[in-house]
Amino acid sequence: MIIFKEVSAITRYLEARRQEGLHIGFVPTMGALHEGHLSLVRRCRGNAGITVCSIFVNPTQFNDAADFAKYPVTIASDIRMLENEGCDILFMPTVEEVYPGGTVASRHYDLGYLETVLEGSYRPGHFQGVCQVVHRLLEIVAPHSLYLGQKDFQQCMVLKKLVELLDLRVEVVIGETLREPSGLAMSSRNLRLSDDEKRRATAIYQSLLQIKQNLYSSTAGELAAGARARLLGEGFGRIDYVAIADARTLQVLDDAEKPAPSVPLVALVAAFMGEVRLIDNMLLN
Ligand code: AMP
């Protein structure tokens, strides 16, 4: 695996590979890698001539300074895992390389409704930061395919919209969410949980399953209330949202609405276990 830290060097290298006709696949990450990330790298390797992974903890997508400061960093093990997985290129830039003109955004991405709900409303500015960094990374790597995880369901929708807004010819591939045997969705933030918190955090998965199992027998409000009760019972603190939404548009169902089999639905949760904010989602039908 070749590790690049400078934009000019990786740009030059990848341009040469592109000239050779190689298909470039790209897996952007913030590091503290786990099997979920590696599943994307594996899928990318299966499809692409050259697999590029980036590790960059992007300051502009953190709306909470403490969350940024405490974001786990495990570079040595990340490099080892990527090498074992057969990743070709690791791009590990500094903030200055990514944002030579400073981190203040030079444009606004018109994400419309997507930015007004769920993660968008609870993390103001988050998706603008995500678009800012992915736009920049796509400029640098210029991949043919971009690999994203369904774990960040709304982010996948936002980035598909970004690709559309920028009129890029990049294929977006979404990988399924990898979970611990307990059902807990793998996440870099799980490193900040104690063993006991990790055990209790499986309530997110259980509450999503509960919604799925009772989907057509209750209203959206009743389903969400049942999930909230389960989360609170297992020691979750603040619950930002439990929502059931149209999986195509993220239009959130009103409390009184009954889920209909004709509409593809997704349940989404964001809640705090101690100081750590966890998100998860599940396709329901
Ligand atoms: P992150 O490092 O959290 O920014 O994630 C980098 C990429 O890995 C994103 O596309 C995530 O959606 C994806 N990802 C994170 N967790 C998982 C998981 N448990 N299973 C599959 N993909 C994941």
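The values are calculated or read from the model by the stated rules, or taken from the named source; none is laboratory data. All figures in this text were calculated on a predicted structure; none of them were measured in a lab. Because the Cβ atoms are built from the backbone with ideal geometry, glycine has one as well, and the counts that use them run over all protein chains shown. With ligands, DNA and RNA removed, areas are computed over all heavy atoms of the protein, side chains included. Shrake-Rupley method; radii C 1.70, N 1.55, O 1.52, S 1.80 Å.
Total residues in segment 178-229 satisfying the condition of being among the small types (Gly, Ala, Ser), within 16 Å of the ligand (Cβ to nearest atom) and touching a strand residue (DSSP E or B) at 6+ places or on another chain (Cβ under 6 Å): the figure is 2. Checked against (1) of a type outside the set (Lys, Arg); (2) closer than 26 Å to GLN128 by Cα; (3) surrounded by 19 or more Cβ atoms within 10 Å (Cβ to Cβ), ASP78 meets all criteria but (2).
Kindly evaluate SER145 against the criterion of being farther than 27 Å from GLY112 by Cβ, open to solvent by less than 60 Å² (accessible area, probe 1.4 Å) and small (Gly, Ala, Ser).
Details: farther than 27 Å from GLY112 by Cβ: no; open to solvent by less than 60 Å² (accessible area, probe 1.4 Å): yes; small (Gly, Ala, Ser): yes.
Here the answer is no, as SER145 does not meet what is asked.
Give the residues of segment 38-64 that are open to solvent by 30 Å² or more (accessible area, probe 1.4 Å) and either in contact with a helix residue (DSSP H, G or I) (Cβ under 9 Å, 6 or more places away or on another chain) or among the hydroxyl-bearing types (Ser, Thr, Tyr) (or both), sorted by residue number. Full working, then the answer.
Within segment 38-64, the subset open to solvent by 30 Å² or more (accessible area, probe 1.4 Å) is 42-43, 45-47, 49, 57, 59-60, 63-64.
Residues satisfying the conditions are ARG42, ARG45, GLY49, VAL57, PRO59, THR60, ASN63.
The residue that is nearest to the chain's Cα centre (by Cα), among those in segment 98-125 that are crowded, with 19+ Cβ neighbours inside 10 Å and within 30 Å of MET1 (Cβ to Cβ), is VAL98. Among residues of segment 38-61 that are over 25 Å from VAL104 (Cα atoms), those with a Cβ under 8 angstrom from a residue that is among the acidic types (Asp, Glu) and open to solvent by 10 Å² or more (accessible area, probe 1.4 Å), sequence gap 6+ or separate chain, pair up as LEU38/GLU85; SER39/GLU176; VAL41/GLU85; ARG42/GLU85; ARG45/GLU85; ILE50/ASP88; THR51/ASP88; VAL52/ASP88. In segment 148-171, what residues are open to solvent by less than 50 Å² (accessible area, probe 1.4 Å), under 20 Å from ARG45 (Cα atoms) and more than 10 Å from the ligand (Cβ to nearest atom)? Result: VAL170, single match. Within segment 152-193, the only residue that satisfies the criterion of being over 25 Å from VAL141 (Cα atoms), charged (D, E, K, R) and part of a loop (DSSP other than H, G, I, E, B) is GLU180.
Could you check segment 229-273 and list, in sequence order, the residues that are in contact with a helix residue (DSSP H, G or I) (Cβ under 6 Å, 6 or more places away or on another chain), open to solvent by 40 Å² or more (accessible area, probe 1.4 Å) and part of a loop (DSSP other than H, G, I, E, B)? Selection gives GLU234, ASP255, GLU257.
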